[in-house]
Amino acid sequence: MVPPRERRPFGAQGSDPGGSQQSPPKRPQKRSGGGSGSQAIPEAVANRMARRIAIATGIPTLMGMAVFVGSYLLVSRHILDIPPSATLAASGACFLLGLVGLSYGVLSASWETEAGSLLGTEQIGVNFGRLKGSLQALRQGAGSGGSD
């Protein structure tokens with residue numbers, strides 16, 4: 001007769017009293033970021049992206065909130081009668097513009113050591129091509145990876 005296995009809290013150290021099961025040896029974990037690998041985004045590029053994202057999403061988001069505040073003030077003081085659907089549509093358009101600004105902020109940042117132009121419009125095509133190529137490579141790798 002086999003004795004019941006002792007239950008230990010998750011992560012508890014010690015040997016199995018029955019000696020029948022051993023935990024597999026721990027393997028070193030690979031780090032996906034922060035290393036010197038080619039997949040990490042350089043700090044200068046990350047800072048460029050963050051600045052562009054903050055501007056390209058921040059301004060439209062503030063505009064979207066300002067639409068609500070302005071609409072409230074105009075309606076509550078009986079200056080202008082604005083239908084709620086117009087307020088919703090205008091603020092929604094601003095928030096949608098902020099979403100587009102998020103993509104713009106990422107795709108317009110130069111991956112070169114020099115910063116590029118102020119708006120980064122020349123980098124959008126280059127970075128979009130890189131994104132498209134990496135997605136195609138990912139699909140090809142997934143398609144040929146595990147169907148034996």
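The values are calculated or read from the model by the stated rules, or taken from the named source; none is laboratory data. Please read all numbers here as calculations on a predicted model, not as lab measurements. When we count neighbours, we look across all protein chains shown, and the Cβ atoms used for this are built from the backbone with ideal geometry, even at glycine.
Annotation: of all residues in region 36-68 being among the small types (Gly, Ala, Ser) and surrounded by fewer than 10 Cβ atoms within 10 Å (Cβ to Cβ), the one that is modelled with the highest pLDDT is Ser38.
For region 88-97, check the following and say yes or no: at least one residue is within 30 Å of Glu114 (Cα to Cα) and at pLDDT 95 or above. Scanning region 88-97, I find at least one residue that is within 30 Å of Glu114 (Cα to Cα) and at pLDDT 95 or above, so the answer is yes. Screening Glu114 on (1) surrounded by 14 or more Cβ atoms within 10 Å (Cβ to Cβ); (2) without any contact (Cβ under 8 Å) to a residue 40 or more places away in the chain; (3) under 29 Å from Ser134 (Cα atoms) shows it passes everything except condition (1). May I ask you to verify whether Ser134 is loosely packed, with under 15 Cβ neighbours inside 10 Å and over 21 Å from the mean Cα position of the chain (by Cα)? No, not satisfied.
Pairs meeting the criteria (first residue in region 41-69 and among the small types (Gly, Ala, Ser), second residue loosely packed, with under 14 Cβ neighbours inside 10 Å and part of a helix (DSSP H, G or I), beta carbons under 7 Å, at least 6 apart or on different chains) are lacking. Residue selection: Leu99 fails the criterion of being farther than 24 Å from Arg51 by Cα and touching a helix residue (DSSP H, G or I) at 6+ places or on another chain (Cβ under 9 Å).
Could you go through region 69-86 and let me know if any residue there is surrounded by 14 or more Cβ atoms within 10 Å (Cβ to Cβ) and within 30 Å of Gly120 (Cβ to Cβ). No, region 69-86 contains no residue that is surrounded by 14 or more Cβ atoms within 10 Å (Cβ to Cβ) and within 30 Å of Gly120 (Cβ to Cβ).
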